[in-house]
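Here's the structure, in structure tokens; my notes come after.
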Amino acid sequence: MAGLKELRTRIEAIKSTQKITSAMKMVAASRLRRVQILVDKNFGYSENLRQSALRVMTEIENEEKINGIKFVRPLLLQQKKKPLKYHLYVISSDRGLCGAYNSNVAKRASQRIRELQKENKQISVACIGKKAYDILRRYFSDSDINISRVDNKYHGLSYADMAHKLSDAILQQFIAGDFDICEFVYADFKTAISRTYECKQVCPIELNSEHLDDEHLQMINRSGDAFYEYLPDKLTLLSEILPILFNDNMFKIVVNSAASEHSARMTSMDSATRNAKKMISELTLKYNSLRQSAITTELIEIIAGAEAI
């Protein structure tokens with residue numbers, strides 16, 4: 001009967017765990033729904049904003065080719081030919097229970113760090129999230145790479161405020177010459193069950209028309225039969241658009257990271273809940289089998305005793 005008592009205790013413990021994982025799944029699903037709305041709303045705005053900046057930049061490049069001149073680029077487009085100092089921001093979670101999300105972010109970050117080490121670049125890493133910080137500190141404990149946590153600056157902020165504060169901090173560092181290139185390692189949200197782990201350069205902004213085909217390039221300066229006109233001049237307009245685009249890039253990274261974290265936690269908790277249900281079913285079957293065996297044994301003993309009398 002001791003075996004039956006142990007099984008009952010184990011089944012009750014797993015049922016309690018199942019309630020917790022089920023609740024965590026619903027919380028993650030609710031948070032994901034809210035963040036996914038932001039991701040979807042931002043997509044169209046972000047694409048139109050980038051296309052506007054790319055349109056102006058392409059026309060400036062065409063004007064340079066035609067007139068044989070070279071315009072001075074805005075600061076956010078000025079990239080050194082041989083950049084040396086790289087600054088990486090790594091966005092992960094402060095909490096676990098979200099599957100391989102944090103380890104995959106840290107893995108992508110460590111891959112990028114090793115690539116830069118082979119090129120003899122100067123590297124500094126700022127982690128937003130405890131989990132990636134702990135993993136990277138363990139991976140690169142024997143190196144001279146500066147790995148720090150900066151997430152305490154962004155606790156309690158909305159996604160928009162966090163993106164704005166990040167933009168200001170990065171621009172200040174760029175102007176001060178703290179780095180030549182700033183990159184973000186984060187999870188890019190695709191669907192509730194899929195995400196990719198990206199390393200994206202955010203500063204200086206990469207804005208070129210190399211990926212556009214000839215047909216697209218010919219139509220980029222018009223809408224149907226109407227041509228675009230610019231007031232004020234193209235360079236002034238580009239200088240006004242770039243900070244907005246830069247801030248939007250930050251917002252897109254922040255909300256995609258949040259959506260990826262919530263979707264990973266929802267999926268992980270759903271899997272844990274289903275596994276708990278399966279374990280409860282198997283243990284209940286085992287418990288009933290043992291209980292039936294114990295009852296049968298007792299009946300046999302009673303019958304044998306009655307016959308002996």
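A few notes on this one:
Residue-wise test of (1) within 22 Å of the chain's Cα centre (by Cα); (2) assigned to a helix (DSSP H, G or I); (3) modelled with pLDDT of 85 or more; (4) surrounded by 13 or more Cβ atoms within 10 Å (Cβ to Cβ).
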residue: Ile11; (1), (2), (3), (4): no, yes, yes, yes
residue: Thr17; (1), (2), (3), (4): no, yes, yes, yes
residue: Arg31; (1), (2), (3), (4): yes, yes, yes, yes
residue: Leu38; (1), (2), (3), (4): yes, yes, yes, yes
residue: Gly44; (1), (2), (3), (4): yes, yes, yes, no
residue: Arg50; (1), (2), (3), (4): yes, yes, yes, yes
residue: Glu59; (1), (2), (3), (4): no, yes, no, yes
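- Residue selection: Ser257 satisfies the criterion of being in contact with a Gly (Cβ under 9 Å, 6 or more places away or on another chain) and at pLDDT 90 or above.
- Of the strands (runs of 3 or more DSSP E) lying entirely inside segment 68-150, those containing at least 2 residues that are closer than 25 Å to Leu242 by Cβ and without any contact (Cβ under 8 Å) to a residue 60 or more places away in the chain are 122-128.
- Residue in segment 64-75 that is surrounded by 16 or more Cβ atoms within 10 Å (Cβ to Cβ), in contact with a Pro (Cβ under 6 Å, 6 or more places away or on another chain) and within 20 Å of Gln201 (Cα to Cα) present: no
- Within segment 72-87, the set of residues being in contact with a helix residue (DSSP H, G or I) (Cβ under 6 Å, 6 or more places away or on another chain) and modelled with pLDDT under 85 comprises just one member, Pro74.
- For segment 199-217, the set of residues classified as crowded, with 17+ Cβ neighbours inside 10 Å and modelled with pLDDT of 85 or more consists of Val202, Cys203, Pro204, Ile205, listed by residue number.
- Identity of the residue in segment 173-198, touching a residue at least 60 places away in the same chain (Cβ under 8 Å) and part of a helix (DSSP H, G or I), that ends up surrounded by the most Cβ atoms within 10 Å (Cβ to Cβ): Phe174
- Checked against (1) free of Cβ contacts under 8 Å to residues at least 60 places away in the same chain; (2) touching a Pro at 6+ places or on another chain (Cβ under 8 Å), Tyr154 meets all criteria but (2).
The values are calculated or read from the model by the stated rules, or taken from the named source; none is laboratory data. Quantities reported herein were computed from a predicted structural model and do not represent experimental measurements. For neighbour counting, all protein chains shown are included, and Cβ atoms are generated from backbone atoms with ideal geometry for every residue, glycine included.
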